[in-house]
Amino acid sequence: MASLTMPILSTNFANSFSSSYVTHFRSSSKPTFPNRPRGIKVTCNAANGDPKIPSDTTEVSKKIDEETSLAKLDRRNVLLGIGGLYGATSFGTNPSAYAAPLAPTFTACHDSTDPDKKAIDCCPPTAAAADITDYVPAATKVNTRLAAHLVDDAWLAKYKKALTAMRKLDDSDPRSFKAQANVHCAYCNGGYYQDGYAESKLLLDVHSSWLFLPFHRWYLYFFERICQKYADDDTFAIPFWNWDNPLGMFFPSIFNDTSSPLYDSLRNSNHLTKVLDLSYDGTDTSEGTITVIKNNLITMYKQMVTQATTATAFFGKTFRAGDASDPGAGSIETTPHNNVHRWVGDPDESHGENMGSFYSAGRDPVFYCHHANVDRMWNLWNSLGGQNFTDSDWLNSSFYFYNEEAKPVKVFVKDCVDTKLLGYSYQTVDILWLNSTPKARRTGATLPSAPTPGEVFPTTLEKTITVAVKRPKKQRTKKEKQKSEEVLEISGIEYNVSEFVKFDVYINEDNPEESGPERTELLGSFINVPRGHSMISTTSKSFALTEVLEELGADNYETILVTLVPKSSTVTIKGLKIKFDNTKVSA
Ligand code: C2O
């Protein structure tokens, strides 16, 4: 590792995080969100080795901003337009009557569907509504979740003790390892309808929307408390797979011991000792380890910085009661979250079980380790200045779990935004991707002509497609750029949810072969990890353009070239356009 020629930061997180940040962004006049120095207070209590995540990052503002009120107004019109779930008399007098936070039909869980369309029972024990209590966390101490490659034997013994006990519990016990795995299946593969919409069979899937991060945070929270109970240690915390750091870009070895309760046999055996490729699409790259590591860091930079300039871009699209599932995933959910699932799953199994398919993913103990790092990205994004949604439908959305005493509880998104109140933080490790910016292959490139989106879409993406897209406005002022993000939206993506799907998206690149993950030209990807239920789903995928177009010397272009490259089974795409997202995180 010492031979890496990438910027190695000092081991003092407090200094390295802020100084690297300042060095990089001082030289840049780009008004993208990292210019905002807020939330960079990182403290590190070196005395007891218990580092703290920034403290001032996740205050939830009660104030509904302009954007949110507009969204509500739209929704109200829609509801009235379809015959009205709400009486017209309350129009304009009681805006909360139009609120539509989501909740699952927890007390009426039904069979889920696996990718073969077979019914599987993933339901927890049936709870009587009267037995369910609202749960608000109020931790009095903060445990530290450690990087999986840095844990010691004493810690490992506790984790083994907990998992051994959970594996021994009867499957009917909601705290059993099997029942914990099934929580994921039920919330993903169609075990629940949306509360209030059971009759119309509107499913609640916690993936591909703004619910993705809060749902998995709560899921891990209860999993961790159950571990604490069976490890007989309330200071125990689950580990995180530090795949954003070169030292963590390998399968965590603690999960590799075949005699351990952390082991799972359904994995891709070729990947257990090889460097992890965060852009993995089912085909092993021929690049060397150092190149893969460097590309991974650049991918992390893109997903955490370039493609995370708005709440919508980071968390995923709004998902309210009455909406169809799968509105669109946020940056980290798409990449590397989905890629890592695919990387671990066994390609000899029909749907990449266990990790490579959502109904089975929770059966592999590494799932919880992977998701702890996904969850850690939310904290890091906040510490970079990223601000959570203030939309009350997000804050008031709820989930149900069984706690460590096997009691059913109801939890709200608004109560999980601060992990210190949940009783945990993450070990401090170097963040090398903050300095790992992509480089443009060409700047100010002369572009070949191409058809307009209107001439091409809707179409099936069977081969590479290039279109010339007109921008609503070029050379926006600094102020305009701070206020809103220029976004490329690919809409009406229709695909088979039971299959692995991926396509890559390039800007101003007429020769995609030339631009790998290290290039600005590669915007990112659309990715689906196999699920079940509705089988054909329609979603959308958006990419931030402001920083990218500046780096490509194309901010004065009226038209930009967008190239879509299929990497797996085909999808149909309805349209593609450039618009503005006003949920921008800016000064
Ligand atoms: Cu619920 Cu990693 O997915």
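Distance between the C-alpha centers of region 228-295 and region 338-364? Whole Å please.
13 Å
Restricting to Cα pairs below 8 Å that are 6+ residues apart, what does the relative contact order work out to for region 294-437? Please round to a whole percent.
22 percent
Given the whole protein assembly as supplied and a 1.4 Å probe, what does the accessible area of R519 come to in Å², nearest 10?
60 Å²
Quote the accessible area belonging to I298 in square angstrom, nearest 10, computed with a 1.4 Å probe and with ligands, DNA and RNA left uncounted.
Probe radius 1.4 Å; accessible area of I298 about 20 Å².
Which aspartates and glutamates have a Cα lying under 17 Å from the Cα of K117, excluding residues fewer than 8 positions away in the same chain?
Excluding near neighbours in sequence, the set is D205, E349, E353, E499.
Can you give me the relative contact order of region 222-352 as a percent, contacts being Cα pairs under 8 Å and 6 or more apart?
23 percent
Can you work out the PRE-style zone for L447? Point 7 Å along Cα to Cβ, and I want the residues of region 475-500 with backbone N under 18 Å.
475-476, 486-491
Using r as the Cβ-Cβ distance of S259 and K579, and R0 as 56 Å, what FRET efficiency do you calculate, to the nearest 0.05?
E between S259 and K579, to the nearest 0.05, is 0.55.
Would you rank D234, D284, D153, D581 by solvent-accessible area, highest first, keeping every protein chain in place and using a 1.4 Å probe?
Output order, biggest surface exposure first: D153, D234, D284, D581.
Need the C-alpha centroid separation for region 430-458 versus region 135-173, integer Å.
Result: 43 Å between the Cα centres.
Averaging sequence separations of C-alpha pairs under 8 Å and six or more residues apart, then dividing by the length of region 453-581, give the relative contact order as a whole percent.
Over region 453-581, the number comes to 49 percent.
So, counting K/R as plus one and D/E as minus one, what does the shell of residues with Cβ under 10 Å around T466 add up to?
Overall, the nearby charge balance is -2.
Check the straight Cα-Cα distances from K161 and name the lysines below 18 Å, setting aside those fewer than 8 residues away within the same chain.
K178, K229
Starting from the Kirkwood radius over alpha-carbon pairs of region 116-194, derive D by Stokes-Einstein at 20 °C in a medium of 1.002 mPa s and give it in µm² s⁻¹.
It diffuses with D of about 136 µm²/s by this estimate.
For D348, tell me the accessible area in Å² from a 1.4 Å probe, rounded to the nearest 10.
140 Å²
Determine the gain in length on full extension of the stretch K407-K168; use 0.36 nm per residue of separation and subtract their C-alpha separation, reporting nm with one decimal.
84.1 nm
Under the 0.36 nm per residue contour assumption, what length would be gained going from the current alpha-carbon distance of I536 and D510 to full extension?
This chain segment gains 6.3 nm when fully extended.
Under the rule a/c < 1.5 gives rounded, and otherwise a/b versus b/c splits prolate from oblate, where does region 453-581 land using the Cα gyration tensor?
prolate
For E480 and D348, calculate 0.36 nm times their separation in residues minus their Cα-Cα distance, and state this gained length in nm to one decimal.
42.5 nm
Could you tally up the Lys pairs in region 461-524 with alpha carbons closer than 20 Å? Skip any pair fewer than 8 positions apart unless they're on separate chains.
Lysine pairs satisfying the spacing and distance rule in region 461-524 number 5.
Give, as ranges by residue number, the residues of region 319-354 whose backbone N falls under 13 Å from the point 7 Å along Cα→Cβ of D116.
349-353
The values are calculated or read from the model by the stated rules, or taken from the named source; none is laboratory data. All values derive from a computational prediction rather than experimental measurement. Don't worry about glycine lacking a Cβ; one is built from the backbone with ideal geometry, like all the others, and counts go over all protein chains shown. The area values use the complete protein model at the heavy-atom level, side chains included, leaving out ligands, DNA and RNA. Shrake-Rupley method; radii C 1.70, N 1.55, O 1.52, S 1.80 Å.
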